[in-house]
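Notes for the one structure printed next.
The values are calculated or read from the model by the stated rules, or taken from the named source; none is laboratory data. Remember, predicted model here, so these are calculated numbers, not experimental data. Because the Cβ atoms are built from the backbone with ideal geometry, glycine has one as well, and the counts that use them run over all protein chains shown.
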Amino acid sequence: MAEYKGVIVYGELINGKLLSITTELLGGGRNLATALKEDLSCVLLADTVGETPKEAIAFGTDKVYIVEDPSLKEYQADTYIQVVEKLAKEISPRIILMGQTSIGRDLAPRLAFRLGTGLSTDCVDLSIDSETKLLLQTKPVYGGNAQAIFTCESMPQIATVRPKTMSPIERDNSRKGEVIPIKVEIDMSTIRTKVIEKVKEEVAGIKLEDAPTIVSGGRGIGGPEPFKTTLKELADVLHGAVGASRPPVDNGWIPEAMHVGLTGKIVAPDIYIAIAISGASQHIAGCSGSKTIIAINKDPEANIFKEANFGVVGRYEEVVPAFTKKLKELLAE
Amino acid sequence: MPGVNMIVCCKQVPDPEAPPVVFKVDPATNKMTLPPEVKPVIGQYDEFAMEAALRIKDKAGGKITILSLGNKLARDVVKKTLAVGGDELILLEDETFEEGDSWSTAHALAMAIKKTGEYDLIFCGRQSSDWDAGQVGLGIAEILGIPAVPLARRVEAVDGKVRVERVIPDGYEIVEVGFPALITVTSELGSLRYAALKGIMAAAKKQPIVWKPSDIGLEPSQVGAAGRRTKLAKLFQPVKEAKGEIIEGETPAEAGTNLAIRLREAKII
């Protein structure tokens, strides 16, 4: 039987740079590797990885396995899974970490079932049990109403990690590491799904993930219009972006790209303003990392007030315009 | 045209829309306890999966078989899938199916699907509404060796193929895949339709088929808690301190003004 050793991070890159989830995973993975006294490595799949191996080393990895192939230009489950399955079998790591991203959500379950091992998705904390050396995998369950800690005795132990729950180490360009190119023959005959078209649903203005302030609306907003007027005006004053909880998205008031929550975007802005949002656990899961949460809701019993640092009880149609007007004055001073 | 042969996997869960305060973990048993007023429902994402199958049946015709795994499943809950237009309901129902993880659940469902015989499309919700793992659908596809398209927001069957709009960051992609295939469905697809009275009456007369582990060729040691790959070490609820400061005013508008002043004082803006 193979010996399972080390921690490996599945890295994601875009336009020649690592995604922030990858540097976060390297930070979290570094702690696990140190606790185990084993190596941290990173795998990178792309048509061309560019400077990202150096970046991964600067962010704490000891080894970088790279697979470059023209067929890896865009993520495609049937091509990527063969490469990742082969790497996992060759490297036989003790732990595999992926981001709870579009790719990680798709790739991790496929990989776990192919390798015959367990997986915990959407983890918010990972640590090593000092006695058993097993990975303790903490994840929110019941829509965020509780947390569970899982272990898995079959190897490798696989976890996907929620963005913005782990911290990257400080970048150090002088760190040394090893880059190991790996050639994988990709069997194109196993590709069963065909992508006909990719459609971007552009959202004007600042992207949610990058916005320092987010003004979100919920079911209580009542329709699409106020997102473009009342909420937008407030967001503009604070140079922020407009978001929403799930009901406005499901009702078609605003596009999915603006959805903050467990199944939408996980954000952590400086200021998060929740307007007419009841505060269901699955929404809180998407914004609980914010520095300051401000709630405006007419229902004093709304769960959102338990999460908020500041709150106003009242109809948003009356509260928000006055709030926006006063902010404008204060910020002009 | 013979129509499309479909399977929908539906999980019975405690109503996820219940207010957060009623969710209480019993530390002695490591289990979630819920008061009786929290009724079981079909997982919200599984309802979207059921709707996806019904829309295909509306257009192309065919048959929908619903699979549900658990123990002591409430008949009025699982029969909702028949009332809205499902054709057959198979329950994997036994106490040994309880307390499974994604691994043991996907295996049992895959074995049951094999036993049903021919199928064109399998639908699952993107994730369950209790454990939120999002693994079972993709796991079933791996075990059966068929392609899977996750996070569908629109599905259409044409000429032995299925065309799926699948949600990706900042947009969607249109994917085409031949039968058989597995599709997981996300909330943007739209809510499950209401049952018509005729459907409810017809469903009341239908009896679900019940399968035990031995009916799908599995030993009790391979299913539920015994068949798990992951072990639940602890279930807990992080303690939350009420930290909020409520800003008041004579009128809602004045409270809004005062909020801005307070944020400036606190150097937040």
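When the range B:210-269 is limited to residues that are surrounded by 14 or more Cβ atoms within 10 Å (Cβ to Cβ), touching a residue at least 40 places away in the same chain (Cβ under 8 Å) and among the β-branched types (Val, Ile, Thr), the one that is nearest to A:Ala276 (Cα to Cα) turns out to be B:Thr230.
Hey, among the residues in the range A:119-154 that are of a type in the set (Val, Ile, Thr) and within 19 Å of the chain's Cα centre (by Cα), which one's nearest to A:Leu26 (Cα to Cα)? So that I can check it myself, show each step before the final result.
Residues of the range A:119-154 that are of a type in the set (Val, Ile, Thr), as a first pass: A:121, A:124, A:128, A:132, A:138, A:141, A:149, A:151.
Cutting the leftovers down to within 19 Å of the chain's Cα centre (by Cα) gives us A:121, A:124, A:138, A:141.
Details: A:Thr121: 17, A:Val124: 14, A:Thr138: 18, A:Val141: 25 Å.
Step by step, filter the range A:119-154, then rank; the result is A:Val124.
Of all the residues in the range A:115-130, those that are within 7 Å of another protein chain (Cβ to nearest Cβ) and in contact (Cβ under 8 Å) with a residue 40 or more places away in the chain number 5.
Mind checking whether some residue in the range A:65-84 is closer than 22 Å to A:Arg171 by Cα and within 23 Å of the chain's Cα centre (by Cα)? Give the steps one after another, and end with the answer.
Of the range A:65-84, the ones closer than 22 Å to A:Arg171 by Cα are A:65-66.
So of that shortlist, the ones also within 23 Å of the chain's Cα centre (by Cα) come out as A:65-66.
Yes, that holds for at least one residue.
Evaluating B:Ser191 against the criteria (1) surrounded by fewer than 18 Cβ atoms within 10 Å (Cβ to Cβ); (2) away from chain A (no Cβ under 14 Å) leaves one unmet condition, (2).
Considering each of B:Pro147, B:Pro180, B:Pro169 in turn, give the residue that is at pLDDT 95 or above, facing chain A (nearest Cβ under 8 Å) and more than 23 Å from B:Lys212 (Cα to Cα). Full working, then the answer.
Details: B:Pro180 fails: facing chain A (nearest Cβ under 8 Å); B:Pro169 fails: at pLDDT 95 or above.
None of the others qualify; the one that does is B:Pro147.
A single member of A:Gly217, A:Gly223 is small (Gly, Ala, Ser), modelled with pLDDT of 95 or more and surrounded by fewer than 13 Cβ atoms within 10 Å (Cβ to Cβ), and it is A:Gly223. Going by what's in this entry, would A:Glu24 be described as part of a helix (DSSP H, G or I), touching a Pro at 6+ places or on another chain (Cβ under 6 Å) and charged (D, E, K, R)? In short, yes. Is it the case that some residue within the range A:80-91 is at the interface with chain B (Cβ under 9 Å from one of its Cβ atoms), crowded, with 21+ Cβ neighbours inside 10 Å and either modelled with pLDDT under 95 or outside any loop (DSSP other than H, G, I, E, B) (or both)? Within the range A:80-91 (the criterion being at the interface with chain B (Cβ under 9 Å from one of its Cβ atoms), crowded, with 21+ Cβ neighbours inside 10 Å and either modelled with pLDDT under 95 or outside any loop (DSSP other than H, G, I, E, B) (or both)), the answer is no, since none of the residues qualifies. Scanning the range B:29-82 for residues that are closer than 29 Å to B:Val158 by Cα, among the hydrophobic types (A, V, I, L, M, F, W, C) and out of contact with any Lys or Arg (no Cβ under 9 Å at 6 or more places or on another chain) yields a total of 5.
Looking at A:Pro181, A:Pro156, which one is touching a residue at least 40 places away in the same chain (Cβ under 8 Å), within 13 Å of another protein chain (Cβ to nearest Cβ) and of a type outside the set (A, V, I, L, M, F, W, C)? Walk me through it before giving the result.
Values: A:Pro181 fails: within 13 Å of another protein chain (Cβ to nearest Cβ).
Of the residues listed, the single one that is touching a residue at least 40 places away in the same chain (Cβ under 8 Å), within 13 Å of another protein chain (Cβ to nearest Cβ) and of a type outside the set (A, V, I, L, M, F, W, C) is A:Pro156.
With respect to the conditions (1) in contact with a helix residue (DSSP H, G or I) (Cβ under 6 Å, 6 or more places away or on another chain); (2) farther than 15 Å from A:Ile196 by Cα, B:Val155 lacks only one, and its number is (2).
Within the range A:54-61, does at least one residue satisfy the condition of being crowded, with 23+ Cβ neighbours inside 10 Å, touching a helix residue (DSSP H, G or I) at 6+ places or on another chain (Cβ under 6 Å) and part of a strand (DSSP E or B)? The answer is no, given that none of the residues of the range A:54-61 is crowded, with 23+ Cβ neighbours inside 10 Å, touching a helix residue (DSSP H, G or I) at 6+ places or on another chain (Cβ under 6 Å) and part of a strand (DSSP E or B). Taken over the range A:131-144, the criterion of being free of Cβ contacts under 8 Å to residues at least 24 places away in the same chain and either in a loop (DSSP other than H, G, I, E, B) or of a type in the set (Val, Ile, Thr) (or both) is satisfied by A:Glu131, A:Thr132, A:Leu134, A:Thr138, A:Val141.
Is it true that A:Ala112 is assigned to a helix (DSSP H, G or I), in contact with a strand residue (DSSP E or B) (Cβ under 6 Å, 6 or more places away or on another chain), touching a residue at least 60 places away in the same chain (Cβ under 8 Å) and among the small types (Gly, Ala, Ser)?
Working: assigned to a helix (DSSP H, G or I): yes; in contact with a strand residue (DSSP E or B) (Cβ under 6 Å, 6 or more places away or on another chain): yes; touching a residue at least 60 places away in the same chain (Cβ under 8 Å): no; among the small types (Gly, Ala, Ser): yes.
It is false that A:Ala112 is assigned to a helix (DSSP H, G or I), in contact with a strand residue (DSSP E or B) (Cβ under 6 Å, 6 or more places away or on another chain), touching a residue at least 60 places away in the same chain (Cβ under 8 Å) and among the small types (Gly, Ala, Ser).
Would you pick out the residues in the range A:267-306 that are crowded, with 24+ Cβ neighbours inside 10 Å, more than 20 Å from the chain's Cα centre (by Cα), outside any strand (DSSP E or B) and within 10 Å of another protein chain (Cβ to nearest Cβ)? Across the range A:267-306, the qualifying residue is only A:Ile304. If the condition is being without any contact (Cβ under 8 Å) to a residue 60 or more places away in the chain, farther than 20 Å from A:Gln137 by Cβ and hydrophobic (A, V, I, L, M, F, W, C), then the range A:1-42 contributes A:Met1, A:Leu13, A:Ile14, A:Leu18.
In summary, A:Thr230 fulfils each of the numbered conditions (1) closer than 24 Å to B:Gly171 by Cα; (2) out of contact with any strand residue (DSSP E or B) (no Cβ under 6 Å at 6 or more places or on another chain); (3) within 13 Å of chain B (Cβ to nearest Cβ); (4) at pLDDT 95 or above with the single exception of condition (1). Scanning the range A:1-46 for residues that are of a type in the set (Val, Ile, Thr) and surrounded by fewer than 16 Cβ atoms within 10 Å (Cβ to Cβ), we see that the one that is nearest to A:Ile128 (Cα to Cα) is A:Thr34. A single member of B:Arg229, B:Arg154 is within 8 Å of chain A (Cβ to nearest Cβ) and within 23 Å of the chain's Cα centre (by Cα), and it is B:Arg229.
The set of residues in the range A:238-253 that are more than 9 Å from chain B (Cβ to nearest Cβ) and surrounded by fewer than 21 Cβ atoms within 10 Å (Cβ to Cβ) comprises A:His239, A:Pro247, A:Asn251, A:Trp253. Pick from the range A:310-333 the residues that are modelled with pLDDT of 95 or more and assigned to a loop (DSSP other than H, G, I, E, B): which of them is farthest from the other protein chains (Cβ to nearest Cβ)? Out of the qualifying residues, it is A:Arg315.
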